[in-house]
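Please find one structure pasted underneath; my questions will follow.
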Amino acid sequence: MVITKVFVVDPLEPDNGAIEYCCAEMKRGAIAVFPTETVYGLGAYVFDVEAVKRIFIVKGRPPDNPLIVHVANIDQVRQVAEEVPNTLRIVFEKLWPGPLTIVLKRRREVPPEISAGLPTVAIRMPGHPVALRLIECVGPIAAPSANLSGRPSPTEPHHVYVDMYGRADIIIDSGATFFGVESTIVDLVSDPPRLLRPGALPVEKISEVLGITIVIPESARGVVESDIALAPGMKYKHYAPRTPLLIVETNNYDNLDAYAKRFAEVVKDRCSTIKCVLIVSRETVELYKDLSLPKIVMGSRSNVYEIAKNLYSVLRELDRLGVDLGIAEGLPEIGLGLTIMNRLRKAAGFNVVKV
Ligand code: TXA
Ligand code: MG
C-alpha cells in the first residue's frame, strides 16, 4: 500500500501548480494516474525502467502486454521512434492530438519492457489539456489504462479511486473522460497498414484522412481471439465484468421491432431459473416492459458516442447489481459501433448468440 496524493484539476483551466508538482515527482520515479480524452492512464516517464516495471506490477499486467507511449510534440516522437514516416506528418496535421495510436519502429534507447520486447512502439498524442501539459513537462510518458488488469478501463474518477487508490503515487482527478473508450490503434509498420484495435476514432475516418487502406482483421472486430503475433496484449480477455455476459447479435438491426422480439425470446429462454439484467438501448427499452427484469440503458442507438461514453460504467454497474447474467443488445459495426462491439464481445469472453 502506498500513500496516494490526489489532485483535482479542472480540465478546462488546469492548475499549473498541481501539474508541475506531478511532473517533478514523475521525473523522480513516481507513477501517476492522469486523465486523457479516452480513458484514464497510469503513467511513468518512458526512460525510467524501474517506474515502468512498477506499472506492470501495480496493474497486475502480464509483461508481454506492451504499453502506449504518450507524446506532446514531434520531438518526443523522435525520442521513441526510429523513423517518422510521411503518413505520420499527416497524422500530426490532421488527427493529433486525438484518440489515435500509431505503431512505429522503436528506437533502441526505449526500454524493451515498454514494448514487451517487440521492435515496435505504440505512440499517441492525447487530446486532453491536462495530459498534454504533463507530458510536455515530463517528456514521453508510457501509460496503459489505469484499471487493474482485466477490469473495464476507468472513465469516471470513482473507477480510478477503486482500482488505483493506495497503489499509484499520484491521482489527477479531472472528472469524467470525454470519449469513454480507448484510442484506435493502427500499425503503420506492417504493409498494408492494419487496425490492431478499434477505438474512439472511427477507422473509416482515419483511412479517409490519411488516404490509405487499413486492413481490419477479424481479431480487431473482437469476433475471434487475437494471436500474439498479430496484436500483442489483445489476446487477453479485456474489459471483463465479473458477471457473465451474453451478447445477442443480428445481421440486421434496421428492423428494431423484429430484433427486440427475438432478443426477448433469448431472455425468456435463459432467465427462467437465474437472475438476469438486460443491457439495452433507449429506443428498445420500452419494448421489453413486459419482462420484469432490471434494465440498464446504455444510451441511444442514434448517438453511438453516448453508448461509447457510458460503456465501461455500464459494465461496472452490471457487477454492482449482483445478478447471474447480463444480456446485452448488439449494434451495427459502423464507425464507433465497431469499437463498441469489439469491447462488448471481449467483455463477454466471446459469449455471443446470433438471432
Ligand atoms: O486510449 C488509450 O489508448 C488509453 C489511454 C490511457 O491512452 N491507453 C490504453 O492502453 O488503452 P492499454 O495499455 O490499455 O492498451 C494498450 C494496447 C496493448 O494492449 C497492445 O495491444 C497495444 O496497445 N500495443 C502497445 N504497444 C504495441 C506495439 N508495439 N505493437 C502492437 N500493439 C501494441
Ligand atoms: Mg487497457
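Residues of region 8-38 being under 12 Å from ASP173 (Cα atoms) and either of a type in the set (A, V, I, L, M) or not assigned by TED's automatic domain parsing to the domain that holds GLY98 (or both), which ones?
Passing the criteria: VAL8, VAL9, ALA18, ILE19, ALA32, VAL33.
Which residue out of ARG167, ARG133, ARG108 is within 16 Å of ligand 2 (Cβ to nearest atom) and either among the hydrophobic types (A, V, I, L, M, F, W, C) or surrounded by fewer than 23 Cβ atoms within 10 Å (Cβ to Cβ) (or both)?
ARG167
Only one of (1) farther than 24 Å from GLU204 by Cβ; (2) in contact with a helix residue (DSSP H, G or I) (Cβ under 8 Å, 6 or more places away or on another chain) fails for LEU331. Which number is that?
Here LEU331 clears every test but (1).
Got a sec? Which of PRO202, PRO217, PRO198 is outside the structural domain of VAL314 (by TED's automatic domain parsing), in contact (Cβ under 8 Å) with a residue 60 or more places away in the chain, in contact with a Leu (Cβ under 7 Å, 6 or more places away or on another chain) and surrounded by fewer than 22 Cβ atoms within 10 Å (Cβ to Cβ)?
Only one candidate passes the filter, namely PRO202.
Ok, one more. List the helices (runs of 4 or more DSSP H) that sit entirely inside region 119-213 and contain at least 2 residues that are of a type in the set (Phe, Trp, Tyr) and away from ligand 1 (no atom under 14 Å from the Cβ).
none
Moving to a separate point now. List the number of the failed condition for ILE123; all other conditions in (1) touching a residue at least 60 places away in the same chain (Cβ under 8 Å); (2) surrounded by 21 or more Cβ atoms within 10 Å (Cβ to Cβ); (3) among the aliphatic types (A, V, I, L, M) hold.
In the conditions (1) touching a residue at least 60 places away in the same chain (Cβ under 8 Å); (2) surrounded by 21 or more Cβ atoms within 10 Å (Cβ to Cβ); (3) among the aliphatic types (A, V, I, L, M), ILE123 misses (1) alone.
Looking at VAL314, VAL297 in this structure, which one is in a strand (DSSP E or B) and not assigned by TED's automatic domain parsing to the domain that holds HIS159?
VAL297
For region 93-105, how many residues are part of a helix (DSSP H, G or I) and either within 16 Å of ligand 2 (Cβ to nearest atom) or surrounded by 15 or more Cβ atoms within 10 Å (Cβ to Cβ) (or both)?
Number satisfying all stated conditions: 1.
Determine, yes or no, whether VAL277 is surrounded by 14 or more Cβ atoms within 10 Å (Cβ to Cβ), in contact (Cβ under 8 Å) with a residue 24 or more places away in the chain, in a loop (DSSP other than H, G, I, E, B) and in the same structural domain as ALA347 (by TED's automatic domain parsing).
The answer is no for VAL277.
Where in region 1-79 are there strands (runs of 3 or more DSSP E), lying fully within it, with 2 or more residues that are buried (at least 22 other Cβ atoms within 10 Å of the Cβ) and at pLDDT 95 or above?
32-34, 41-45, 68-70
The values are calculated or read from the model by the stated rules, or taken from the named source; none is laboratory data. These figures come from a predicted structure and were not determined experimentally. Positions of Cβ are backbone-derived with ideal geometry, glycine not excepted, and every protein chain shown enters the neighbour counts.
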